[in-house]
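Asks: Just passing along the structure, written as structure tokens.
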Amino acid sequence: MDIRRQFLEFFIAKGHREVPSSPLVPDDPTLMFTNAGMVQFKNIFTGNAPIPEPPRATSAQLCVRAGGKHNDLDNVGYTARHHTLFEMLGNFSFADYFKKDAIAYAWEFITSPEYLGLPVDKLWVTVHESDDEAFDLWTEHIAADRIVRFGDKDNFWQMGDTGPCGPSSEIFYDQGEEHFHSPEDVMGGEGDRFLEIWNLVFMQYDRSADGTLTSLPKPSIDTGMGLERVVAIKEGKHNNYHSSLFVPYLEKIGKLVGTPYDYDAPNSASYRVIADHLRSVGFLLAQGVNFDKEGRGYVLRRIMRRAIRHGYLLGLREPFMYRLVDTLVAQMGHQYDYLPEKAEAIKGAMRLEEARFFDTIEAGIKLFSEALERTTDTFDGDVAFKLYDTYGFPLDLTQDMLREKGIALDTAAFDAKMDAQRAQSKAHWKGSGDAATTGDFKALKEAHGTNTFVGYDTTETTANVLALLDADFKQVSSLDGRGWVMLDLTPFYAESGGQVGDKGFLTVGDMMVPVLDTKKFLDMNLSEVEGRLSVGDEVTATVDPSRAEIEKHHSATHLLHAALRAVLGDHIAQAGSLNDDKRLRFDFSHPKALTAAELAEVEAWVNDKIARALPRETKVMSIDEAKQSGAMALFGEKYGDEVRVVDFNGASIELCGGTHVDNAAQIGLFMVTKESGVSAGVRRIEAVCGWSAVETVNALREESRAVKAELKAQEPLTGIAKLKEQIKTLKRELQSALASTQKELNATEVNGVNVIIDEVEAGDIKALIDDAKNRYDSIAIMLFQKKGDKVLLAAGSKNTPVKAGDWIKTIAPIVGGGGGGRPDFAQAGGKMPEKIREAKEGAVAYIKDMMAR
């Protein structure tokens with residue numbers, strides 16, 4: 001029985017619209033990850049977006065709780081019910097039905113034999129202590145003595161310190177006193193006997209800054225039920241990890257380890273941690289989050305390295321997580337079709353991250369163990385920082401290891417070295433905020449709807465000013481300065497999908513008002529202007545000619561994406577882009593830097609399509625038709641029921657709402673200017689085309705002319721080769737001249753070995769050592785040279801038992817330094833030139849001692 005599908009179909013039959021799971025990276029600057037089903041509806045609940053039609057929805061939402069305020073990471077693997085990634089089934093009412101129907105729907109789905117069919121005598125319900133209405137409604141379905149009242153801590157929900165809030169009602173399943181009988185296994189306790197399976201939130205109040213609750217005129221419903229818990233209950237399992245959702249992972253891990261999973265074994269938690277973390281890491285990678293040193297990418301790294309460490313505890317000593325990806329795809333790929341498409345890219349990113357951590361984990365665990373032996377009650381914070389900074393151990397991984405030993409961490413010492421980096425990481429994911437949460441956009445949309453974009457067909461049109469906003473996004477009737485304008489018809493493209501917003505101007509009578517930028521707010525295209533305008537003005541809206549260059553770069557980006565997949569493989573997935581009138585920037589998933597040959601092939605592939613003058617065709621179709629046509633969609637982009645498919649004669653087919661050239665030939669020359677790394681597993685290509693490519697070629701030509709003039713050669717490489725030969729000749733002459741000023745470096749025999757140990761005032765001591773090696777069939781030589789208040793020393797050995805590296809490691813500390821090298825040559829530096837005489841004596845003693853052995 002597919003409970004997920006059953007739930008969705010139940011609510012579709014009740015008039016709800018099924019809404020896909022929104023991205024794990026939310027369009028919300030206050031959240032690190034999507035952590036509940038209501039996140040994608042937040043603006044509707046807060047009144048910052050209009051109520052949709054129909055005013056009820058249902059979803060199966062992927063959620064991650066592993067960072068920020070909601071963080072279950074520490075509990076995962078050690079409890080029966082905590083996960084970093086889980087699926088939340090939910091139904092939502094936007095000022096439509098309220099408590100009566102929400103309670104009735106929940107009861108019907110849970111108890112009806114047609115659906116979950118859970119026994120009534122196993123069910124309990126909680127309500128807020130003040131919510132008599134909910135209590136009375138529940139008595140229509142369940143005995144009053146099975147309804148328990150709790151206070152704000154357990155049964156009151158609020159989105160933030162202010163805003164929509166209200167009492168909640170939770171449904172619990174009694175797993176049986178015979179299985180759970182600790183003091184906490186009571187209603188309201190922390191035990192697992194009474195398992196919460198569904199939370200119904202009744203948003204009926206608005207909380208003001210002073211704490212006052214005001215009844216909302218149109219209350220709403222937000223519910224959430226954990227799929228993993230319900231599946232376990234239906235299958236008679238008392239641990240989520242023992243249900244059919246997780247057992248395949250545990251079995252595969254057992255095969256990799258060589259020992260089957262055993263719940264009673266001391267190491268069973270490690271199996272569960274790996275099974276859980278595989279899901280969250282896999283989905284975050286599939287949705288475009290990459291391993292990084294900060295923000296969401298750092299949380300991803302923490303989860304991954306926690307899993308690797310538990311694999312290490314199970315005896316695994318090489319990358320293994322990537323070998324579990326096929327099991328993940330088999331388990332969840334039918335519901336999330338992008339998962340199998342991204343499988344190879346996920347494996348590649350995982351394997352690279354695993355290899356990096358396995359390089360340092362053994363040394364890190366050794367350092368941890370040594371420090372642990374010295375620890376009595378508090379672990380050294382400086383060691384924790386070294387584990388983080390040198391060995392890649394995230395702080396919470398170290399804390400996790402200490403928690404298993406019952407030892408605390410000296411966080412003050414750690415924080416002294418880490419505060420700056422932690423603050424930077426936290427600031428990174430908070431984002432810059434969204435004006436849509438504070439401006440008058442909701443009122444604007446309710447009054448005017450969405451305006452019409454005509455920029456696909458024209459770059460100039462006559463339009464009317466529907467509304468104006470000042471610089472603070474508040475509605476005004478007129479502007480005399482900077483603000484935002486909403487036109488009924490607009491040719492200006494709003495920044496989206498990597499393409500920058502259009503600039504241009506508005507003509508009002510004989511006055512021109514510059515358009516500085518164009519952005520999208522609640523699906524409305526608004527242009528930033530600076531000048532004098534009034535609501536009702538008729539204007540001529542003209543897009544800046546730079547749009548043509550933007551279109552060239554945008555179309556070139558599509559061809560570049562296709563080229564990378566053709567040259568490097570289908571694992572290539574877009575991770576970000578920028579297209580303006582001067583350049584393009586394309587970020588993509590790939591584990592290593594491109595070779596010069598690969599870059600040349602990619603560049604040639606794109607230029608070949610340009611030379612073929614491929615026509616561009618754009619069609620509007622349903623999302624399903626688009627996917628069937630082979631069009632690539634970008635994860636995280638919001639697509640409507642109908643989408644635009646941009647097709648360059650089959651060479652590149654992508655879902656895209658941007659503007660493009662009519663024919664690839666209009667792109668002109670395409671040139672890659674730079675290839676670099678962005679983060680682990682993500683590369684970046686920067687390129688130019690159109691007039692920017694012409695300017696780049698002209699600059700290169702001018703640079704070439706300057707080089708030729710400087711070299712006095714028409715063939716720069718020939719001129720450079722001559723210069724290099726001249727430098728070699730001059731270097732030899734200089735060394736010869738310096739050598740002639742030096743005293744003769746003659747060897748003396750020490751215990752049967754030719755030895756030179758001396759101090760020289762000038763010259764290249766390495767060259768002097770090489771000269772001595774050429775003059776003697778066998779020689780051990782060490783030279784010292786004073787350089788201001790520093791000392792340089794170097795050693796060489798030819799056909800002797802003396803190893804130069806070991807010799808210099810022994811002598812360098814005498815002059816306050818250190819160094820090393822090969823058996824035939826080594827060098828070092830020191831800061832105590834007054835000790836040169838002592839060091840020379842030590843060098844002789846070293847030879848005598850070694851030859852006497």
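Asks: Please enumerate the residues belonging to the stretch 290-310 that are touching a Gly at 6+ places or on another chain (Cβ under 6 Å) and open to solvent by 10 Å² or more (accessible area, probe 1.4 Å).
Replies: Asn290
Asks: Check the stretch 544-551 and report whether any residue there is in contact with a Phe, Trp or Tyr (Cβ under 7 Å, 6 or more places away or on another chain) and surrounded by 20 or more Cβ atoms within 10 Å (Cβ to Cβ).
Replies: yes
Asks: Looking for whichever is open to solvent by 70 Å² or more (accessible area, probe 1.4 Å), among the small types (Gly, Ala, Ser) and within 19 Å of His277 (Cα to Cα) here; the options are Ala330, Ala343, Ala355. Which one fits?
Replies: None of the others qualify; the one that does is Ala330.
Asks: Kindly provide the set of residues from the stretch 555-586 that are modelled with pLDDT under 95, in a strand (DSSP E or B) and buried (at least 19 other Cβ atoms within 10 Å of the Cβ), ordered by number.
Replies: If the condition is that a residue be modelled with pLDDT under 95, in a strand (DSSP E or B) and buried (at least 19 other Cβ atoms within 10 Å of the Cβ), then Gln574, Ala575, Ser577 are the ones that fit.
Asks: I need a count of the residues in the stretch 474-500 that are under 30 Å from Leu634 (Cα atoms), open to solvent by 10 Å² or more (accessible area, probe 1.4 Å) and either in a loop (DSSP other than H, G, I, E, B) or in contact with a Gly (Cβ under 8 Å, 6 or more places away or on another chain) (or both).
Replies: Number satisfying all stated conditions: 7.
Asks: Any residue at all in the stretch 368-379 that's within 22 Å of Asn267 (Cβ to Cβ), out of contact with any Pro (no Cβ under 6 Å at 6 or more places or on another chain), surrounded by fewer than 21 Cβ atoms within 10 Å (Cβ to Cβ) and among the small types (Gly, Ala, Ser)?
Replies: yes
Asks: Ala209 passes all but one of (1) within 24 Å of Phe45 (Cα to Cα); (2) at pLDDT 95 or above; (3) hydrophobic (A, V, I, L, M, F, W, C); (4) not in a strand (DSSP E or B); which number fails?
Replies: (2)
Asks: Still on this structure: Restricting attention to the stretch 730-748, report how many residues are surrounded by 12 or more Cβ atoms within 10 Å (Cβ to Cβ), hydrophobic (A, V, I, L, M, F, W, C) and at pLDDT below 70.
Replies: Total satisfying the criteria: 2.
Asks: Can I ask one more? Got at least one residue in the stretch 248-257 being open to solvent by 20 Å² or more (accessible area, probe 1.4 Å), closer than 29 Å to Lys122 by Cβ and part of a loop (DSSP other than H, G, I, E, B)?
Replies: Checking the stretch 248-257: not a single residue is open to solvent by 20 Å² or more (accessible area, probe 1.4 Å), closer than 29 Å to Lys122 by Cβ and part of a loop (DSSP other than H, G, I, E, B).
Asks: Tell me, which residue of the stretch 457-473 that is part of a strand (DSSP E or B) and of a type in the set (D, E, K, R) is modelled with the highest pLDDT?
Replies: Glu460
Asks: Of the residues Lys840, Lys786, Lys790, only one is buried (at least 17 other Cβ atoms within 10 Å of the Cβ) and within 16 Å of Ile765 (Cβ to Cβ); which?
Replies: Matching residue, one of Lys840, Lys786, Lys790: Lys840.
Asks: How many residues does the stretch 799-819 contain that are in a helix (DSSP H, G or I) and surrounded by fewer than 22 Cβ atoms within 10 Å (Cβ to Cβ)?
Replies: Residues meeting the conditions: 6.
Asks: Can I ask one more? Would you confirm whether or not the stretch 84-95 contains a residue that is under 27 Å from Gly295 (Cα atoms) and at pLDDT below 85?
Replies: no
Asks: Okay, next question. Answer yes if at least one residue in the stretch 373-381 is more than 17 Å from the chain's Cα centre (by Cα), within 20 Å of Ala307 (Cα to Cα) and in a helix (DSSP H, G or I), and no otherwise.
Replies: no
Asks: Quick one: in the stretch 632-651, which of the residues that are at pLDDT 85 or above and not in a strand (DSSP E or B) is surrounded by the most Cβ atoms within 10 Å (Cβ to Cβ)?
Replies: Among those residues, the one meeting the criterion is Ala651.
Asks: What is the residue count in the stretch 271-286 for residues that are open to solvent by less than 10 Å² (accessible area, probe 1.4 Å) and within 19 Å of Tyr78 (Cβ to Cβ)?
Replies: Result for the stretch 271-286: 10.
Asks: Here's something else I'd like to know. Do we find that Tyr115 is open to solvent by 30 Å² or more (accessible area, probe 1.4 Å), aromatic (Phe, Trp, Tyr) and modelled with pLDDT under 95 in this structure?
Replies: no
Asks: Could you tell me whether Gln331 is of a type outside the set (A, V, I, L, M, F, W, C), at pLDDT 95 or above and either closer than 26 Å to Gly37 by Cβ or more than 18 Å from the chain's Cα centre (by Cα) (or both)?
Replies: yes
Asks: Right, here's the next one. With respect to Glu228, determine if the residue is open to solvent by less than 50 Å² (accessible area, probe 1.4 Å), among the acidic types (Asp, Glu), under 28 Å from Lys342 (Cα atoms) and not in a strand (DSSP E or B).
Replies: yes
Asks: Could you tell me which residue of the stretch 501-525 is nearest to Gly658 (Cα to Cα), considering only residues that are out of contact with any strand residue (DSSP E or B) (no Cβ under 7 Å at 6 or more places or on another chain) and not in a strand (DSSP E or B)?
Replies: Asp523
Asks: Looking at this structure, is Leu24 within 30 Å of Lys445 (Cα to Cα) and at pLDDT below 90?
Replies: No; evaluated as a whole, the condition is false for this residue.
Asks: Mind telling me which of the residues Met350, Met401 ends up being in contact (Cβ under 8 Å) with a residue 60 or more places away in the chain, part of a helix (DSSP H, G or I) and either more than 18 Å from Ile274 (Cα to Cα) or over 21 Å from the mean Cα position of the chain (by Cα) (or both)?
Replies: So the residue among Met350, Met401 that is in contact (Cβ under 8 Å) with a residue 60 or more places away in the chain, part of a helix (DSSP H, G or I) and either more than 18 Å from Ile274 (Cα to Cα) or over 21 Å from the mean Cα position of the chain (by Cα) (or both) is Met401.
Asks: Something else about it: Among the residues of the stretch 146-196, which ones are in a strand (DSSP E or B), of a type in the set (S, T, N, Q) and open to solvent by less than 30 Å² (accessible area, probe 1.4 Å)?
Replies: Ser168, Ser169
Asks: Further question on the same structure: Can you tell me which of Ile769, Ile781, Ile727 is in a helix (DSSP H, G or I) and open to solvent by less than 60 Å² (accessible area, probe 1.4 Å)?
Replies: Answer to the selection: Ile769.
Asks: With the condition kept exactly as written, say whether any residue in the stretch 725-732 is of a type outside the set (Asp, Glu), out of contact with any Pro (no Cβ under 7 Å at 6 or more places or on another chain) and closer than 17 Å to Gly842 by Cα.
Replies: Within the stretch 725-732, not a single residue is of a type outside the set (Asp, Glu), out of contact with any Pro (no Cβ under 7 Å at 6 or more places or on another chain) and closer than 17 Å to Gly842 by Cα.
Asks: With surrounded by 21 or more Cβ atoms within 10 Å (Cβ to Cβ) and more than 23 Å from Ala345 (Cβ to Cβ) as the only criterion, which of Gly690, Gly657, Gly668, Gly681 stands out?
Replies: The unique qualifying residue is Gly690.
Asks: On to the next question. Among Gly288, Gly282, Gly315, Gly297, which is the only one that is of a type in the set (Gly, Ala, Ser) and modelled with pLDDT of 95 or more?
Replies: After applying the criteria, what remains is Gly282.
The values are calculated or read from the model by the stated rules, or taken from the named source; none is laboratory data. What you are looking at is a predicted structure, and each value in this text was computed from that prediction instead of being measured. FYI the Cβ positions are ideal-geometry reconstructions off the backbone, even for glycines, and counts take in every protein chain you see. These accessible areas exclude ligands, DNA and RNA; they are computed on the full protein's heavy atoms, side chains included. Shrake-Rupley method; radii C 1.70, N 1.55, O 1.52, S 1.80 Å.
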